[in-house]
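Each reported figure results from applying straightforward, stated rules to the coordinates on display, with no laboratory input. Keep in mind it's a predicted model, so treat the numbers as computed, not measured. Heads up, the Cβs are rebuilt from the backbone with ideal geometry, glycines too, and the neighbour counts pull from every protein chain shown.
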Amino acid sequence: MSRRRAIRANARQRWYEIRNEASGSEPAQVLIYGDIGDSWWGESVSASQFVRDLTEVDADAIDFHIHSPGGDAFDGLAIANAIRTHKARTTAYVDGLAASAASYIATAADEVVMGVGAELMIHDAWGMAIGNVEDMTAMADLLGHLSDNIASLYAIKAGGKPEDWRAAMRAETWYSADEAVEAGLADRVASLPAEPAKAAAKDDFDLAVFAHAGRRDAPTPWLPAKAAATYRPPAEPADTTTPTEGADPMSDKLIQGLRARLGVTADAVLDDDGLLAAVDEALNERAQTSTQAPRAALPEGAVLVDSEVLDSLKASAARFNAYEAQRLQDEQTRVVDEAIAVGRIGGGRRDHWLNKFRVDPEGAAADLALFDPGSAVPVDGPRGHAGSAQALIANTADDQAMAAVGWDIKE
């Protein structure tokens, strides 16, 4: 990265801070405070920079302190996956609010701890689109697939069916600290109020953009654990057998030994048939156990995922990758064409700049910003003719401008 690009990056607004002390005895600290990812309202730092910084953290444990109303959904997924795949033991502390994208970032950690009075909110993904009915339909499909993926993440953390979590997302569900634990989205509530991870942080998020302005204004949340808590297996029927009268050919010692080995309590009344049935059951269980292959132990940090959920995640990831690749290419083409239109570069350099964007998008954007509007001669009419005098003039102007900033132009 050039010095100019480093200055531009440092000038951007950061929503996270990483404190990785050199001692190594204490967990590294990552503070996620504010809107996550690229902002529509000003310059900010994207998830790609966060992931690069996180991968450089060499610590056995990392504590993530979260106080955020959410942000860019795809950036949130990238951050969640970076946390989930990091080699360190990860703990997420919800200091105040983990809403929207911040909620599934929190649940990606190995352990989720809710601060006293903290809240967590889940809802469907949002988006904006401008265009015709096909554009709107494509956006609706994308938001549906994205919301399904996020619902699967909640199911992986808390259990339950992804479609049930999707229903809770559609309703915009808010959880208090205790309710988040009961729902399975968090593991415990901190015994003491969480220390503010940032002294200057204030609870100044505008929650009016949501359907409910916090847990106090929201209805009772859906709790998947409640169904399991209220379920009671049917009671076993009472034993109505009576002892057989007459002489018992078996010794008391043998009968007591069989009861002990079969796990039959001393107060349970069994006749000969009942005792034989218990022996048959024990033998059948042993035979079934011996024929079953032992299940391999999962490595530490691994999670079992239903095959249908995994296939859905893979398919959605493939669709998103194709969509994102096309979106980036269209955006890069737009930037280059706009630079040509305002006279930053000549039209004859269009393919050159498109190739630069394919190789190093951030570097190309920073380099293109060095050219002032009108510094190149605009090219009117057809482009790409090697014999065009206008193209030659425009290319010469580009070369002179590049040489002025110290570039050696070789193609």
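At R0 = 51 Å, how high is the FRET efficiency between T265 and S25 if r is their beta carbon distance? Nearest 0.05 is fine. Efficiency for this residue pair is about 0.50. Candidates L143, M128, T91 compared by Cα position along the dipole of the range 86-150: farthest toward the positive end lies T91, with charges placed on Cβ.
In percent, rounded to a whole number, the relative contact order of the range 32-187 is 20, using alpha-carbon pairs under 8 Å and six or more apart. Annotation for V303 and E163: the two label points, set 7 Å from Cα along the Cα-Cβ direction, are 2.2 nm apart. Scoring 159-168, 112-121 by mean Cβ neighbours within 10 Å over their residues and listing the highest first yields 112-121, 159-168.
Whole number please: convex hull volume per residue of the Cα set in the range 56-188, in Å³?
Hull volume normalised by residue count: 106 Å³.
Can you figure out the FRET efficiency of A61 with D178, using R₀ = 22 Å and their beta-carbon distance, to the nearest 0.05? Could you put the intermediate results ahead of the total?
Details: r = 26 Å, r/R0 = 1.16.
Efficiency computed from Cβ-Cβ geometry: 0.30.
What Kirkwood hydrodynamic radius, in Å, does the range 35-132 give when the mean of 1/r is taken over all pairs of distinct Cα atoms and then inverted?
Every distinct Cα pair counted, the radius reaches 14.0 Å.
Protection proxy ranking of 316-323, 299-306, 178-185, by the mean of other Cβ atoms within 10 Å over each peptide's residues and highest first, is 178-185, 316-323, 299-306. Residue ranges 52-59, 134-141, 79-86 sort as 79-86, 52-59, 134-141 when ordered by packing (mean number of other C-beta atoms within 10 Å per residue, highest first). Stokes-Einstein diffusion for the range 296-360, with the hydrodynamic radius set to the Kirkwood value over Cα pairs and evaluated at 10 °C in a medium of 1.306 mPa s, equals 105 µm²/s.
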